[in-house]
1. For region 91-99, indicate whether the set of residues that are in a helix (DSSP H, G or I), under 21 Å from the mean Cα position of the chain (by Cα) and surrounded by fewer than 11 Cβ atoms within 10 Å (Cβ to Cβ) is non-empty.
2. If you go through region 54-61 one residue at a time, do you hit one that is free of Cβ contacts under 8 Å to residues at least 12 places away in the same chain and assigned to a helix (DSSP H, G or I)?
3. Residues of region 1-40 being under 19 Å from the mean Cα position of the chain (by Cα), surrounded by 10 or more Cβ atoms within 10 Å (Cβ to Cβ) and farther than 19 Å from residue 68 by Cβ, which ones?
4. Quick check on residue 48: is it more than 30 Å from residue 108 (Cα to Cα), modelled with pLDDT of 95 or more and surrounded by fewer than 16 Cβ atoms within 10 Å (Cβ to Cβ)?
5. May I ask you to verify whether residue 74 is without any contact (Cβ under 8 Å) to a residue 40 or more places away in the chain, among the aliphatic types (A, V, I, L, M) and surrounded by 11 or more Cβ atoms within 10 Å (Cβ to Cβ)?
6. Select, from 68, 113, the only residue that is of a type outside the set (A, V, I, L, M), modelled with pLDDT under 95 and exposed (fewer than 13 other Cβ atoms within 10 Å of the Cβ).
Amino acid sequence: MMAYMRGPEGCPWDREQTIRDFKVHLRNESDEALEAIKKEDYVNLKEELGDLLWHILLISQIAKEEGRFTIQDVIDDLREKIIRRHPHVFADKKHLKPDEIMRMWKEIKEKERKTR
């Protein structure tokens with residue numbers, strides 16, 4: 001759908017967008033989702049999450065067109081990160097308490113930052 005939306009038969013607005021344009025779009029949609037959470041407006045939250053997902057998919061399509069990455073790359077990287085940051089689920093660190101999990105998660109995240 002994203003390739004179609006950015007193609008000649010698609011939406012002129014979508015075709016004009018660049019990744020940089022989403023600095024504003026993502027902030028606006030995130031703010032709207034946060035407001036829905038604050039108000040416990042789950043009907044609106046569902047819509048706002050859809051809007052965020054739409055932007056993620058559109059950014060990924062633009063990145064694909066530019067030869068940077070694909071949505072599959074995003075999904076694969078996320079899967080690897082979730083597994084890496086959850087050794088209490090996917091490795092040998094079973095039966096940890098929530099505070100131990102948070103401490104370990106922060107340590108893993110910091111280690112990742114240093115190796116980038």
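The values are calculated or read from the model by the stated rules, or taken from the named source; none is laboratory data. Everything quoted here is computed from the prediction, not taken from an experiment. Glycine gets a Cβ as well: all are built from the backbone with ideal geometry, and neighbour counts include every protein chain shown.
1. No, every residue in region 91-99 fails to be in a helix (DSSP H, G or I), under 21 Å from the mean Cα position of the chain (by Cα) and surrounded by fewer than 11 Cβ atoms within 10 Å (Cβ to Cβ).
2. Yes, that holds for at least one residue.
3. 1, 27, 28, 29, 30, 31, 32, 33, 34, 35, 36, 37
4. no
5. For residue 74, the condition - without any contact (Cβ under 8 Å) to a residue 40 or more places away in the chain, among the aliphatic types (A, V, I, L, M) and surrounded by 11 or more Cβ atoms within 10 Å (Cβ to Cβ) - is met.
6. 113
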